[in-house]
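These notes concern the structure reproduced below.
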Amino acid sequence: MPHTFGPDADAPVTLDRREGPFGEVVLRRRGEDFEIIANGCFLMDTSDGRSERLLIDAALAALPAGRTAPAVLIGGLGVGFSLARAAAEPRWGRIAVAEREEAIVDWHRRGPLDRISGPALADPRTEILTTDLVAYLRTTTDRYDALCLDIDNGPDWTVTEDNNDLYSPAGLADCRARLNPGGVLAVWSAQPSAAFDRALRNAGFQGYGRKKWALPEVFPTWSISQSGASESPPAGGGSPRTPGRPGPLARRPAPGEGAARRSVLAPCVAEKPPLPLRC
């Protein structure tokens, strides 16, 4: 008797689909995990959050010793791993999250993603800012000790074209203006960017360094760029920047796509941590 196969347990099931000012966002369930899709681009899922947690940890470790109750701004709520990590650390004094997609915020507050972010959202230190990160950095007068930015595949591979401004000389000047003296800028990137390295230096960031980690079977590799901000004004003008591009490459491979994406990012391997960041 021929074997009869049932429905594919790993087939994605769409739970919510919404149109917003920045396009379409979709929440899907695949088995026990949830996925966020934006304008057809697979962004992230809940299968593993090590890279998002490491971004928060690295920023805190890079702050000057003795900094009391530092404030952190997380750029992008995503599936909530970065927020949850920050809220689990009692040393943070204020935890602000800038997320422009109201649907994503709703999925955390009243949807299935609250299993990750629920305790963090209830933390009195947490504030959700439903706003575009680039616009917020340009217009707010708030200042932070750390900016942990995770809204793209990296400076050279943005999810939407508007995000290019974040990595431009003007965008980096806005980041620097929002940091307290000795503050830290941490940027999630799938690959190194020489153009962004130059832009950081030209924007007046000091103590620049890069960390990379290899995370086999989860996301092939990732890196962050960190800088300390000083009180002196930025030096010089900007430098040419490789244009960002909205593209189909996900920050974490969708099921069945890992092998191809690992080959793209294979050159990123573990290396020594950066030098301490000081003013």
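Quick note: the coordinates plus some simple rules give every number you see, no bench work behind them. Since the structure is predicted, the reported quantities are computational estimates derived from the model, not experimental observations. FYI the Cβ positions are ideal-geometry reconstructions off the backbone, even for glycines, and counts take in every protein chain you see.
Hey, with R₀ at 22 Å, roughly what FRET efficiency would Arg29 and Asp57 work out to, going by the Cβ-Cβ distance, to 0.05?
0.15
If amide hydrogens are placed 1.01 Å from N in the peptide plane, which non-local residues have theirs closer than 5 Å to the one on Asn180?
Distant-sequence amide H within range of Asn180: Tyr144, Asp145.
If r is the Cβ-Cβ distance from Gln206 to Thr141 and R0 is 22 Å, what FRET efficiency results, to the nearest 0.05? Walk me through the intermediate numbers first.
Working: r = 23 Å, r/R0 = 1.06.
Rounded to the nearest 0.05, the efficiency is 0.40.
Evaluate 2.2 N^0.38 Å with N set to the residue count of the stretch 1-123, then give the Cα radius of gyration divided by it.
Cα Rg divided by the expected 2.2 N^0.38 Å: 1.27.
Taking 0.36 nm per intervening residue step and subtracting the Cα-Cα distance, what contour gain separates Leu15 from Asp114 on full extension?
Stretched fully, the Leu15-Asp114 segment lengthens by 34.2 nm.
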